[in-house]
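The structure appears right after this line, and notes come after that.
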Amino acid sequence: MKRLASTPEFRPVSPLKKEAAGAKQAATPPSENRRDSQRNRVLLGGLIITRNGTQSWDCNVRDLSETGAKIRIAPGQVIPEHCYFIQLKDGIAYEANVQWLHVPEVGLKFLNSHQLRDSSDPKYEHLRQLWMSRRMRTG
């Protein structure tokens with residue numbers, strides 16, 4: 001996949017940029033439990049979507065809590081710092097920020113959530129459509 005230039009809607013989090021910042025990575029290892037809620041080990045499918053809805057990427061969910069998730073992305077994948085994350089099994093969309101990055105794993109912090117299953121909110125319709133189409137493909 002082609003790497004994109006930074007725009008107001010898409011500010012990619014580059015593995016090289018994060019590694020160059022080193023201090024933040026060293027100070028916030030993903031294995032240290034600083035969560036307000038219990039982390040549950042899972043193996044689920046997910047989607048990362050730009051806030052403007054123009055691009056999406058598959059990911060695997062490794063850990064999930066009420067306040068965030070540890071996801072696994074494809075090596076070399078660049079994702080936006082601010083994004084939507086859809087947990088495919090339950091159809092929940094989260095507005096999220098990248099908290100940490102240790103490729104291929106990424107820590108997301110959830111800002112808020114929205115149930116897509118019975119949604120009628122036009123703000124989330126593009127996310128609902130993505131979730132429904134993906135759900136139909138995976139059964």
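For the condition closer than 20 Å to VAL42 by Cβ, touching a strand residue (DSSP E or B) at 6+ places or on another chain (Cβ under 9 Å) and not in a loop (DSSP other than H, G, I, E, B), TYR124 does not qualify.
Taken together, ALA93, ALA69 contain a single residue that is in a strand (DSSP E or B), surrounded by 16 or more Cβ atoms within 10 Å (Cβ to Cβ) and in contact with a His (Cβ under 6 Å, 6 or more places away or on another chain), which is ALA93.
Restricting attention to segment 96-128 and to residues that are crowded, with 19+ Cβ neighbours inside 10 Å and of a type in the set (A, V, I, L, M), the residue that is farthest from CYS59 (Cα to Cα) turns out to be LEU116.
Contact map, segment 77-102: first residue over 20 Å from LEU44 (Cβ atoms) and among the acidic types (Asp, Glu), second residue at pLDDT 95 or above and surrounded by fewer than 19 Cβ atoms within 10 Å (Cβ to Cβ), Cβ cut-off under 7 Å, separation 6 or more or different chains; pairs are GLU81/ASN97.
Residue by residue, here is whether (1) touching a Gly at 6+ places or on another chain (Cβ under 9 Å); (2) among the β-branched types (Val, Ile, Thr); (3) at pLDDT 95 or above holds:
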{"residue": "LEU47", "(1), (2), (3)": "no, no, yes"}
{"residue": "THR50", "(1), (2), (3)": "no, yes, yes"}
{"residue": "THR54", "(1), (2), (3)": "no, yes, no"}
{"residue": "VAL61", "(1), (2), (3)": "yes, yes, yes"}
{"residue": "THR67", "(1), (2), (3)": "no, yes, yes"}
{"residue": "ILE71", "(1), (2), (3)": "yes, yes, yes"}
{"residue": "GLN77", "(1), (2), (3)": "no, no, no"}
{"residue": "GLU81", "(1), (2), (3)": "no, no, yes"}
{"residue": "PHE85", "(1), (2), (3)": "yes, no, yes"}
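Would you confirm whether or not segment 50-67 contains a residue that is among the hydroxyl-bearing types (Ser, Thr, Tyr), touching a residue at least 24 places away in the same chain (Cβ under 8 Å) and touching a Pro at 6+ places or on another chain (Cβ under 7 Å)? Yes, the conditions are met somewhere in segment 50-67.
The values are calculated or read from the model by the stated rules, or taken from the named source; none is laboratory data. Only a predicted model underlies this, so the values are computations on that prediction, with no experimental measurement involved. Because the Cβ atoms are built from the backbone with ideal geometry, glycine has one as well, and the counts that use them run over all protein chains shown.
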